[in-house]
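Heads up, the thing below is written out as structure tokens.
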Amino acid sequence: MVQRLLHFLDASLVNFLAVRNIASELEQAGYRRFDPREALGEVKAGDKLYVTKNDSSVYAFHIGHKPMAEAGFRMICAHCDSPTFRIKPNAEMLCEGGIVKLNTEVYGGPIMSTWFDRPLTIAGRVIVRGDDVLNPKTLLLHVKRPLLQICNLAIHFNRQVNDGVKLSKQKDMLPILGIVTSELEKGNLLMNVICTELGISQEVILDFDLYLADATPACSFGVHNEFISSGRLDDLSMCFAGLEAMIATETVDATKVLAIFDNEETGSQTKQGAGSPFLSMMLKRIALAQSGSEEAFYQAVERAFMISADNAHAWHPNYSEKYDPTNHPVLGGGPVIKFNAAQKYASDAVSAAVFAEICREAGVPCQRFVNHSDVAGGSTLGNILASSIPLRGVDMGNAILAMHSCRETGSTADHIYTVKAFTQFFK
């Protein structure tokens, strides 16, 4: 199970690749792709369908034995984006010696220093000319070799580097791509890579959404291989756990839903984010197809339960003072229910009790996380989604270290625990 996760992480360097890989797994499990531009048509018990938005979010539905108005739906939601660096248009910057660096901008909130001096690559989507100007073609790009590096300044020129240095996003975080060797390469180094990888000519390229990614494979480590080291554990590990549970379970009374959103790291307020009405519209269409009445959707919402799955902060042995004294989850201790008095999380006593019971039935330990009262925390999907669909729900995740680092650390046991809990929830 852990090896499948590592493979998924290596194949899913950015949101677009993650959605493609999730869609491929769904199709192999019998889910059919639905085009939201078409009429939904008849929906019957046991049907499996999925839909994507912007190539960067994906929503799967396994229709239950009973109509949604009677049995509601059970939803697991997560997000497939992670903090990184986006390559800007006109990105090539020619420097002395023919060295080319790329102009980038920060996406989300990465720990920028962790991106230094490690082999990086690029991944994303390239938009090419099609037959219809309103519907150009999309090609996915994943350069499967080290291609760039963001290099530190030598300590000899920066004696305070170990005392903490403020980094400029515009100056310090620009990666080196290569050295120009001919006049023809000037201004074309990046485009040459794109064209070679995709087997296309530069003339057909209209634009791109390309990002930097760690080129080092995900791995397990520790005396007992008890830890996972990888980029994008937040939140691809939750995406994959939800996918595994969705595929492993049969048709039940309630309709099962897996919602993988984009842009959580930048606030979710996009057409493919948790703040969009898209998922609500899809659920309403399914309810209408079953009953012919919009009322069925509102009944389904009242009978539904949501698990918002986004990773939590594990207790760090070097910084215990940063954590709440009685609610600090540890690596390997099981899924974590997240609470916040300011309502940054959807969890309350009722929803937390529901999830804790699901874990108990699955034979899985369960932990709780609350911020140290002097340390501000973040927010996640649960309450953002609940603002458009007023669902009962819990915010949870696996405990990880170094959240938003280029490489985060998780627990192999926790991944197995969470898949078991999610599978029990869908049953």
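The values are calculated or read from the model by the stated rules, or taken from the named source; none is laboratory data. None of the values given here were measured: they were computed from a predicted structure. All Cβ positions, even for glycine, are placed from backbone atoms using ideal geometry, and neighbour counts span all protein chains on display. Heavy atoms of the whole protein, side chains included, go into the accessibility calculation; ligands, DNA and RNA do not. Shrake-Rupley method; radii C 1.70, N 1.55, O 1.52, S 1.80 Å.
Could you work out what % of the accessible surface of region 176-242 is carbon and sulfur, using a 1.4 angstrom probe and leaving DNA, RNA and ligands out of the count? It is 56 percent, rounded to a whole number.
In the chain, the convex hull through the Cα atoms has an average projected area of 22.5 nm², a quarter of its surface area. Give me the distance between the Cα centres of region 356-427 and region 107-180, rounded to whole Å. For region 356-427 versus region 107-180, the Cα centre distance is 30 Å.
Taking a Cβ cut-off of under 12 Å around D310, the surrounding Lys, Arg, Asp and Glu residues balance to a net charge of -4, with basic ones at +1 and acidic ones at -1.
Over region 161-270, the ratio between the Cα radius of gyration and 2.2 N^0.38 Å evaluates to 1.61. Basic side chains Lys and Arg get +1 at the Cβ, acidic Asp and Glu get -1 at the Cβ, and with that the dipole of region 106-240 about its Cα centre reaches some 300 debye. Amide H contacts of G231: E408, each under 5 Å away and 5 or more positions distant or on a separate chain (H built 1.01 Å from N in the peptide plane; Pro and chain starts excluded).
Shown for region 203-250 is the translational diffusion coefficient from the Stokes-Einstein equation, using the Kirkwood radius over Cα pairs, a temperature of 4 °C and a viscosity of 1.567 mPa s: 92 µm²/s. Taking the inverse of the mean reciprocal distance over all distinct Cα pairs, the Kirkwood hydrodynamic radius of region 251-341 comes to 16.5 Å. Ligands, DNA and RNA are left out, and with a 1.4 angstrom probe the accessible area of the chain is 44 Å² per residue.
A compact globular protein would have a Cα radius of gyration near 2.2 N^0.38 Å; the ratio found for region 180-236 is 1.77.
Based on C-alpha pairs under 8 angstrom that are at least 6 apart in sequence, region 280-380 has a relative contact order of 27 percent.
Converting the Cα gyration tensor eigenvalues of region 244-400 into ellipsoid dimensions via √(5λ) gives semi-axes, longest first, of 30, 18, 13 Å. Amide H contacts of F208 (H built 1.01 Å from N, in plane; Pro and chain starts excluded): I127 sit under 5 Å, all sequence-distant by 5 or more or on other chains.
Cβ screening of the chain for cysteine pairs under 4.7 Å finds these without a partner: C77, C80, C95, C151, C195, C219, C239, C406. For the peptides 288-295, 70-77, 2-9, the ranking by packing is 70-77, 2-9, 288-295, with the highest mean count of neighbouring Cβ atoms within 10 Å listed first. Could you list, in their original order, any pairs among K48/K420; K101/K144; K166/K344; K53/K137; K137/K256; K169/K344 whose Cα atoms are separated by more than 23 Å? Cα-Cα > 23 Å for K166/K344; K137/K256; K169/K344; rest within. Taking the helices alone, the chain has a mean residue ellipticity at 222 nm of -8000 deg cm²/dmol, built from -39,500 (n - 2.57) per DSSP H run of at least 4 residues and averaged over all its residues.
Which residue fluctuates the most in the chain, going by a Gaussian network model with Cα springs under 10 Å, if the choices are T380, T181, T412? Fluctuation is largest for T181. Radius of gyration (Cα atoms) of region 318-415, expressed as a multiple of 2.2 N^0.38 Å: 1.09. When the P(r) of region 107-238 is calculated, the portion above 27 Å amounts to 37% of the C-alpha pairs. Per-atom-type breakdown for region 298-381 gives carbon and sulfur 50% of the accessible area (1.4 Å probe, protein chains only). Largest GNM mean-square fluctuation among L140, L177, L153, using the chain with Cα springs under 10 Å: L153. Peptides 226-232, 92-98 ranked from most to least packed, by the mean per-residue count of other Cβ atoms within 10 Å: 226-232, 92-98. Rolling a 1.4 Å probe over the protein heavy atoms of region 5-123, with every protein chain left in place, gives an accessible area that is 46 percent carbon and sulfur.
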